[in-house]
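Here the structure is laid out as structure tokens; the discussion comes afterwards.
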Amino acid sequence: MTKKDKKLKELLDIEVKSRNNNFELSYDKPDPLLVASRYDDEYIILLCALFAYGNAKLIVKFLDSFDFSLLNESETTIDKELEGFYYRFQNSEDVKKIFKTFRRMKLEDSLNNIFKEVYRKENSIFEGLDCVINKIHNVANYKSQGFTFLVSSPFKRDKQGLIKEIGNAPYKRWNMFLRWMVRSDELDLGLWKEVDKKDLILPLDTHTFKVSQKLGLLQRKTYDLKSAIEITNKLKEFEPRDPIKYDFALYRIGQEKKI
């Protein structure tokens, strides 16, 4: 490791020590994990992750307005109770549909099972996520711009059927969900025990993208899946077994404009 990298690792380790704790989650410092951490239901937690785009304060306010127990009610009740609910790109029908879809999936299987069945074949986070995303679309059997944005489209693949690194978005909200579920500390929930945290990919958003460029963690200028992988590989030089422990610190540094 170069002298520059050692200095950067020291800086990030200090940030992680002060950031990766539940004191960082408050209405003064809003983050969707503030709401997600109240639950141990993976479907509720995924809803919190999927709606986590836009202004953090507004995200938390919107998530607070949900009655997540609707996931255990009838579809008629879901339709009635969520009439008029909308959030940015999702209209009322989109919101109702994701609740009804997750209700059906909950009755059938756990997200953990759906994910790990594919993940464990090659320890591929992306293949696992792609399987879950496809499952949601199949169960929903519904198309709209808002719903597709919320759930994401399946990963784009090359002619050999392999998931592309260039040409795919970073899948930030999905990778954030995995961080919450797989990592275990005062910050992250650690509810999924059979996924190795060393396989996680950085949940790349605009804050971490810019900060990573400024810190020298990223040389690329394109905001895509390949950039998320490049930063993750660089962080593995600092912490091979848990590279994504740096994610929240990088995000806060960017959000607070510390660099």
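Listed residues Leu217, Leu187, Leu204; which is out of contact with any Lys or Arg (no Cβ under 6 Å at 6 or more places or on another chain) and hydrophobic (A, V, I, L, M, F, W, C)?
Of Leu217, Leu187, Leu204, the one residue that is out of contact with any Lys or Arg (no Cβ under 6 Å at 6 or more places or on another chain) and hydrophobic (A, V, I, L, M, F, W, C) is Leu187.
Need the failing condition index for Lys96 against (1) out of contact with any Leu (no Cβ under 6 Å at 6 or more places or on another chain); (2) within 27 Å of Pro30 (Cβ to Cβ), just the number.
Unmet condition: (1).
Do you know which of the residues in segment 158-177 that are touching a helix residue (DSSP H, G or I) at 6+ places or on another chain (Cβ under 7 Å), in a loop (DSSP other than H, G, I, E, B) and not small (Gly, Ala, Ser) is surrounded by the fewest Cβ atoms within 10 Å (Cβ to Cβ)?
Ile166
Inspect segment 101-109 for any residue being closer than 30 Å to Gly254 by Cβ and surrounded by 12 or more Cβ atoms within 10 Å (Cβ to Cβ) and give the result as yes or no.
So in segment 101-109, the residues closer than 30 Å to Gly254 by Cβ come out as none.
No; the residues of segment 101-109 include none that is closer than 30 Å to Gly254 by Cβ and surrounded by 12 or more Cβ atoms within 10 Å (Cβ to Cβ).
Only one residue in Asn123, Asn55, Asn134, Asn112 is at pLDDT 95 or above and either farther than 16 Å from Tyr171 by Cβ or among the hydroxyl-bearing types (Ser, Thr, Tyr) (or both), so which one is that?
Asn112
This table checks each residue for (1) of a type in the set (Lys, Arg); (2) touching a residue at least 40 places away in the same chain (Cβ under 8 Å); (3) under 21 Å from Lys57 (Cβ atoms).
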position: Asp185; (1), (2), (3): no, yes, no
position: Leu189; (1), (2), (3): no, yes, no
position: Leu202; (1), (2), (3): no, yes, no
position: Val211; (1), (2), (3): no, yes, yes
position: Gly216; (1), (2), (3): no, yes, no
position: Pro240; (1), (2), (3): no, yes, no
position: Glu256; (1), (2), (3): no, no, yes
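Being of a type in the set (Lys, Arg) and within 19 Å of the chain's Cα centre (by Cα) is the filter here, so list the residues in segment 83-126 that pass it.
Result: Arg88, Lys116.
Could you give every pair whose Cβ atoms fall below 6 Å, whose first residue belongs to segment 102-129 and is polar (S, T, N, Q), and whose second residue is assigned to a helix (DSSP H, G or I) and at pLDDT 95 or above, counting only separations of at least 6 or pairs across chains?
Taking only residues 6 or more apart or on different chains, the pairs are Asn123/Asp199.
Among the residues of segment 1-20 satisfying the criterion of being part of a loop (DSSP other than H, G, I, E, B) and either of a type in the set (Val, Ile, Thr) or at pLDDT 90 or above (or both), which is surrounded by the fewest Cβ atoms within 10 Å (Cβ to Cβ)?
Thr2
Test Arg120 against the criterion of being within 20 Å of Ala49 (Cβ to Cβ), among the charged types (D, E, K, R), in a helix (DSSP H, G or I) and out of contact with any His (no Cβ under 8 Å at 6 or more places or on another chain), and give yes or no.
Judged against the criteria, Arg120 is not a match.
Please go through segment 67-77 and give me each residue that is within 25 Å of the chain's Cα centre (by Cα) and farther than 18 Å from Val35 by Cα, ordered by number.
Asn72 - this is the single residue of segment 67-77 that is within 25 Å of the chain's Cα centre (by Cα) and farther than 18 Å from Val35 by Cα.
Looking at Leu191, Leu129, Leu187, can you tell me which residue is over 16 Å from Leu46 (Cβ atoms), surrounded by 15 or more Cβ atoms within 10 Å (Cβ to Cβ) and under 15 Å from the mean Cα position of the chain (by Cα)?
The unique qualifying residue is Leu187.
Checking Leu33 against (1) crowded, with 20+ Cβ neighbours inside 10 Å; (2) without any contact (Cβ under 8 Å) to a residue 40 or more places away in the chain: exactly one of these is not met. Which one?
(2)
Just give me the residues in segment 136-157 being of a type outside the set (Val, Ile, Thr), in a helix (DSSP H, G or I) and within 17 Å of the chain's Cα centre (by Cα), in sequence order.
Answer for segment 136-157, where residues must be of a type outside the set (Val, Ile, Thr), in a helix (DSSP H, G or I) and within 17 Å of the chain's Cα centre (by Cα): Phe147, Phe149, Leu150.
Residues being under 26 Å from Arg157 (Cα atoms) and either surrounded by fewer than 19 Cβ atoms within 10 Å (Cβ to Cβ) or of a type in the set (Phe, Trp, Tyr) (or both): count how many of those fall in segment 231-259.
2
The values are calculated or read from the model by the stated rules, or taken from the named source; none is laboratory data. What you are looking at is a predicted structure, and each value in this text was computed from that prediction instead of being measured. Positions of Cβ are backbone-derived with ideal geometry, glycine not excepted, and every protein chain shown enters the neighbour counts.
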